[in-house]
Amino acid sequence: AYADAAADADYAAADADAAAYAARKAFWLAIRDRLLAELAAAASITKPRSRPMTTDTQEPAAVPRDVFSRISVVVGDITAQPYVDVIVNAANESLLGGGGVDGAIHRAAGPKLLEACRVLGGCPTGSSRMTPAFCLNANLVAHAVGPMWQGGDKGEPALLAHAYRSAMRMAGLHAAGIVALPAISTGVYGYPVDLATKIAVREVIAALLEWTSMSVRLVCFDEKTAIVYQHELFSFFHEWGLAGGHVLDLPDCSAGGSK
Ligand code: AR6
């Protein structure tokens with residue numbers, strides 16, 4: 001009778017998980033449908049709209065379709081991801097750890113990460129430094145230092161772009177196949193998510209054009225950020241005339257990971 005009760009409890013828990021999963025999946029499918037409807041409504045636009053330049057990155061003349069198949073957006077904890085070659089950290093200039101994703105990465109990597117960071121002696125804003133990943137399920141960590149948001153007129157866009165570019169370049173030079181990235185500067189540093197996302201997407205695409213065997217997993221800690229990323233990716237590839245032929249990966253909601 002005890003075994004039966006335990007089995008019943010297992011089945012009930014599994015049913016609850018399945019219901020939660022179905023609800024989250026329906027949520028994402030509704031968002032995808034809305035975005036597709038927006039794209040269809042905008043289909044009369046045939047040439048790229050002009051976008052405000054947020055960084056000094058050159059607009060690519062054309063974005064090959066495969067670039068978009070090398071980007072996925074997931075919701076979750078970056079330290080709990082399946083193996084990646086490089087995890088990008090949102091660090092500060094001291095490189096000596098902190099809260100947010102930095103704290104999570106140091107906790108998961110173990111104390112050797114702090115020792116390795118100490119040797120580096122800091123890193124200026126807009127740049128990055130590489131260390132081993134120690135106990136993380138990854139090979140290397142690129143510690144990127146994004147800017148603190150101070151209203152947007154203190155060079156924040158260029159500094160954020162350079163932080164991404166530096167980390168992606170580090171990853172490329174280390175022959176990374178897959179790179180996991182958090183939304184740098186959008187937590188403790190207060191960078192507005194919509195503005196930061198435009199820069200992140202642009203820099204990631206520029207890097208994927210350069211490093212042709214690299215893939216990127218954009219790891220969002222919350223669903224709201226993931227929606228902004230999805231939206232920016234859709235609008236970016238719509239602008240470059242690639243809509244219709246490719247469906248982006250939906251975030252892996254089964255992994256959970258809301259704040
Ligand atoms: N996995 C993925 N994303 C996460 C995680 C996680 N485990 N934890 C937080 N985020 P933040 P910043 C998201 O504050 O704004 C640190 O103290 C978070 O929701 O980690 O660049 C450093 O030492 C947000 O979307 O980094 C610096 O002093 C994003 O990661 C300072 O914070 C970045 O939030 C850097 O601030």
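The values are calculated or read from the model by the stated rules, or taken from the named source; none is laboratory data. Given the structure is predicted, the values throughout are model-derived calculations rather than measurements. Neighbour counts run over all protein chains shown; Cβ positions are idealised from the backbone, glycine included. Each accessible area value is taken on the protein alone, full model and side chains, heavy atoms only, with ligands, DNA and RNA left out. Shrake-Rupley method; radii C 1.70, N 1.55, O 1.52, S 1.80 Å.
Here the Karplus relation 6.51 cos²θ - 1.76 cosθ + 1.60, evaluated at θ = phi - 60°, turns the backbone of the range 78-87 into coupling constants of 5, 7, 10, 7, x, 3, 10, 6, 10, 9 Hz, with x for every Gly and Pro. Within the full protein context, the accessible area of PHE134 is estimated at about 80 Å² for a probe radius of 1.4 Å. Ordered from highest to lowest accessible area with the whole protein assembly present and a 1.4 Å probe, CYS135, CYS220 read as CYS135, CYS220. Protein-only accessible surface at a 1.4 angstrom probe places the residues LEU195, LEU208, LEU140 in the order LEU195, LEU140, LEU208, largest first. Label separation (ALA18 vs ASP77): 2.7 nm, computed from points 7 Å beyond Cα along the C-beta direction.
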